[in-house]
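See structure below.
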Amino acid sequence: MTRGFVRGVASEKGWDRGTDGRTGPDNFAFRPFPLYNAEAAKPIEGFRPEGPAVRPRLLAFVVLQIPFLYLGGSFAYHYLFSSFLLHDDEGYLMMSVRYLLRGDRIYDDVPILYGPAFFFCKWLVHGLLHVPLTYHAVRMQTLVVWLASVFGVGLFVVLVARSIALALAAQLVALGALAALSNEPGHPQLVALLVVLFLVLSVAQRRWPDLTMFLLGAVAATVLCLKINLGIFVLAALGAAVLAKSRPTAVFLTLRAGAILLLAVPALAHR
């Protein structure tokens, strides 16, 4: 009875075909259970799963950061505290923050060029945490952001390329490129750099797409409220990325063409 039931199910599912392709009780042959496929169970070539195999690489990268950031921090400290530009407006920003902490109204009583997000961050550091508002403290904040950004760049390369050598090379380039932060210590681009770097690291995980899309909008709005010209560049970059990954409908194709023209006009006008 059981055998007849199995044959009936096999005939219904089409599993009773013999090696010659014919069906029937004489050509019945058992096949592997259809929910398991030995070929599909094989690992995909070139696929490296994230998990325990990544942890030793991250641990080695973190250990190497101790001597790297020590040497890089020594260079950044001496470079930061030995340079001063003639057009520097570090004191102007410090006075603006001082007026804010004193209770004056920014934009009404204190003329300032930057957005409210910048003063909110300054209030958190100097008002809530009571960090002294001095030249030394402001430049130490720049040093912390400089080294944190270098570490973040290396971490991003490790997560994406999974190569410690490439990560150290990228960090070395970032350490030299971010020396431009010493030209304007305490400016809004420090906060913008940290916010954008946080976004890049969250995107590299690729685990929470909904949270990533929320962070895209939050980062763009934050940078726009820090410094409007930086915010425009961030919005243009994020908009181009979203349009590039959108479905090729007529509306999005039109938006893509408009974005290409919008980005191409400044480049052509600059020439």
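The values are calculated or read from the model by the stated rules, or taken from the named source; none is laboratory data. From a predicted model like this one, the values you see are computed outputs, not experimental measurements. Counting neighbours? That spans all protein chains shown, and the Cβs are built from the backbone with ideal geometry, glycine included.
Would you please name the residue that is nearest to A169 (Cα to Cα), looking only at residues in the stretch 127-154 that are touching a Pro at 6+ places or on another chain (Cβ under 7 Å) and not aliphatic (A, V, I, L, M)? Please lay out each step first, then the result.
Here is the first cut: in the stretch 127-154, the residues touching a Pro at 6+ places or on another chain (Cβ under 7 Å) are 138-139, 142.
This time we only want the ones that are not aliphatic (A, V, I, L, M), so: 139, 142.
Numbers: R139: 26, T142: 22 Å.
Step by step, filter the stretch 127-154, then rank; the result is T142.
Of the residues A180, A237, only one is in the same structural domain as L133 (by TED's automatic domain parsing) and either more than 29 Å from Y77 (Cβ to Cβ) or without any contact (Cβ under 8 Å) to a residue 60 or more places away in the chain (or both); which?
A180
Only one of (1) on the phi > 0 side of the Ramachandran plot; (2) surrounded by fewer than 20 Cβ atoms within 10 Å (Cβ to Cβ) is not met by L113, so which one is it?
Only one criterion in (1) on the phi > 0 side of the Ramachandran plot; (2) surrounded by fewer than 20 Cβ atoms within 10 Å (Cβ to Cβ) is unmet by L113, namely (1).
Taking the stretch 71-90 as the search range and keeping residues that are free of Cβ contacts under 8 Å to residues at least 24 places away in the same chain and not aromatic (F, W, Y), which one is farthest from Y135 (Cα to Cα)?
L71
Please verify whether L129 is out of contact with any strand residue (DSSP E or B) (no Cβ under 6 Å at 6 or more places or on another chain), closer than 26 Å to H78 by Cβ and not β-branched (V, I, T), treating the condition exactly as stated.
When the stated conditions are applied, L129 does not pass them.
Residue check, L166 against (1) more than 29 Å from H136 (Cα to Cα); (2) of a type outside the set (S, T, N, Q); (3) outside the structural domain of L80 (by TED's automatic domain parsing), all met but one. Which one?
(3)
Residues that are at pLDDT below 70 and surrounded by 15 or more Cβ atoms within 10 Å (Cβ to Cβ): list the helices (runs of 4 or more DSSP H) wholly contained in the stretch 157-271 that include at least 3 such residues.
It comes to 250-270.
So how many residues does the stretch 176-220 have that are touching a Leu at 6+ places or on another chain (Cβ under 9 Å) and closer than 13 Å to F118 by Cα?
Counting residues in the stretch 176-220 that are touching a Leu at 6+ places or on another chain (Cβ under 9 Å) and closer than 13 Å to F118 by Cα gives 9.
Restricting to the stretch 36-86, and then to whatever is assigned to a loop (DSSP other than H, G, I, E, B) and surrounded by 12 or more Cβ atoms within 10 Å (Cβ to Cβ), can you tell me which residue is modelled with the lowest pLDDT?
Ranking the candidates gives E50 first.
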